[in-house]
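Participant: My questions all concern the structure below.
The values are calculated or read from the model by the stated rules, or taken from the named source; none is laboratory data. Predicted model only: the values in this text are computed from it and were never measured. For neighbour counting, all protein chains shown are included, and Cβ atoms are generated from backbone atoms with ideal geometry for every residue, glycine included.
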Amino acid sequence: METMQLLSQKFKGLIELPRGELEDEWIAFNLFEISEFTSLFAKLLAQVCSCQQMTAGAGYEYMWTTSEQQSSIPASEYVQKVLDFVQQQMGDQKLFPIEPGVPFPRGFKHVASQILRRILRVYIHAYLDHQPMLDQLDIREQFCQCLIFVLKFGKKFELLGNADFEPIQLFVNQWKI
């Protein structure tokens, strides 16, 4: 756990809003970076995950939620839906403008929060339910770096709340996030 605490401290400077940057632009930039790694990691996860539910350890199940309903779906399908959702949201130039000087819309942080919460669920599922894979592929340290970054970034910019941390609260406390 000492290594995780060091990683947690390491990210403090990387998360801070740089002087002169607009908060929404900084959030968008980091979401793009996070989604890129998540996409790569999801390809590895898809090779080993045959979970019939998108769980977060014992006692937690993430349901896929649309405006009409909540559904219990296999984890691999859930992860793919997360990736599709993120790509669709980030590809919408009304939500994520790419032209200089075009402001982000009202409610941007709500959209960013939805994206980060869904991404976090992929990390939590992998961390709690697929640790042997992380060890076998020798990617645990890199994976944990990303997980800690997502947690700290989400907390710093109020994109994640206490309920999002609940399945891994013990680790969040140990890592001093």
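Participant: In this structure, does Ser35 turn out to be small (Gly, Ala, Ser), at negative phi and modelled with pLDDT under 90?
Facilitator: No.
Participant: Let me ask something additional. Where residues in region 132-166 are of a type in the set (A, V, I, L, M) and in a helix (DSSP H, G or I), which of them is nearest to the chain's Cα centre (by Cα)?
Facilitator: Val150
Participant: Is there a residue in region 61-77 that is touching a helix residue (DSSP H, G or I) at 6+ places or on another chain (Cβ under 6 Å) and among the β-branched types (Val, Ile, Thr)?
Facilitator: no
Participant: Considering only region 162-174, I want to know if a residue exists there that is in contact with a Lys or Arg (Cβ under 8 Å, 6 or more places away or on another chain) and on the phi > 0 side of the Ramachandran plot.
Facilitator: Taking every residue of region 162-174 in turn, none turns out to be in contact with a Lys or Arg (Cβ under 8 Å, 6 or more places away or on another chain) and on the phi > 0 side of the Ramachandran plot.
Participant: So in region 118-139, with the set limited to residues that are among the charged types (D, E, K, R) and surrounded by fewer than 17 Cβ atoms within 10 Å (Cβ to Cβ), which one is farthest from Gln52 (Cα to Cα)? If you could, list the steps in order and put the result at the bottom.
Facilitator: Initial filter on region 118-139 (among the charged types (D, E, K, R)): 118, 121, 129, 135, 138.
Filter once more, so that each one left must be surrounded by fewer than 17 Cβ atoms within 10 Å (Cβ to Cβ): 135, 138.
Details: Asp135: 22, Asp138: 25 Å.
So, considering only residues that are among the charged types (D, E, K, R) and surrounded by fewer than 17 Cβ atoms within 10 Å (Cβ to Cβ), the one farthest from Gln52 (Cα to Cα) is Asp138.
Participant: Among residues belonging to region 106-117 that are in a helix (DSSP H, G or I) and not charged (D, E, K, R), point out the one that is surrounded by the fewest Cβ atoms within 10 Å (Cβ to Cβ).
Facilitator: The qualifying residue surrounded by the fewest Cβ atoms within 10 Å (Cβ to Cβ) is His110.
Here is a yes/no grid of residues against (1) closer than 18 Å to Trp26 by Cβ; (2) in contact (Cβ under 8 Å) with a residue 24 or more places away in the chain; (3) hydrophobic (A, V, I, L, M, F, W, C):
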{"site": "Thr55", "(1), (2), (3)": "no, yes, no"}
{"site": "Thr65", "(1), (2), (3)": "no, no, no"}
{"site": "Ala75", "(1), (2), (3)": "no, yes, yes"}
{"site": "Asp135", "(1), (2), (3)": "no, no, no"}
{"site": "Gln145", "(1), (2), (3)": "no, yes, no"}
{"site": "Phe153", "(1), (2), (3)": "yes, yes, yes"}
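Participant: Any residue at all in region 161-171 that's within 26 Å of Gln53 (Cα to Cα), in contact (Cβ under 8 Å) with a residue 60 or more places away in the chain and of a type in the set (Val, Ile, Thr)?
Facilitator: The answer is yes, given that some residue of region 161-171 is within 26 Å of Gln53 (Cα to Cα), in contact (Cβ under 8 Å) with a residue 60 or more places away in the chain and of a type in the set (Val, Ile, Thr).
Participant: State all residues of region 66-102 that are among the β-branched types (Val, Ile, Thr) and surrounded by 12 or more Cβ atoms within 10 Å (Cβ to Cβ); if no residue qualifies, say none.
Facilitator: Once the filter is applied, which keeps residues that are among the β-branched types (Val, Ile, Thr) and surrounded by 12 or more Cβ atoms within 10 Å (Cβ to Cβ), region 66-102 yields Ile73, Val79, Val82, Val86.
Participant: Does any residue in region 14-38 that is touching a residue at least 12 places away in the same chain (Cβ under 8 Å) come within less than 8 Å, Cβ to Cβ, of a residue that is among the hydroxyl-bearing types (Ser, Thr, Tyr) and surrounded by 13 or more Cβ atoms within 10 Å (Cβ to Cβ) six or more places away or on a different chain, and which pairs are these?
Facilitator: Sorted first by the residue in region 14-38, then by its partner, the pairs are Thr38/Tyr123.
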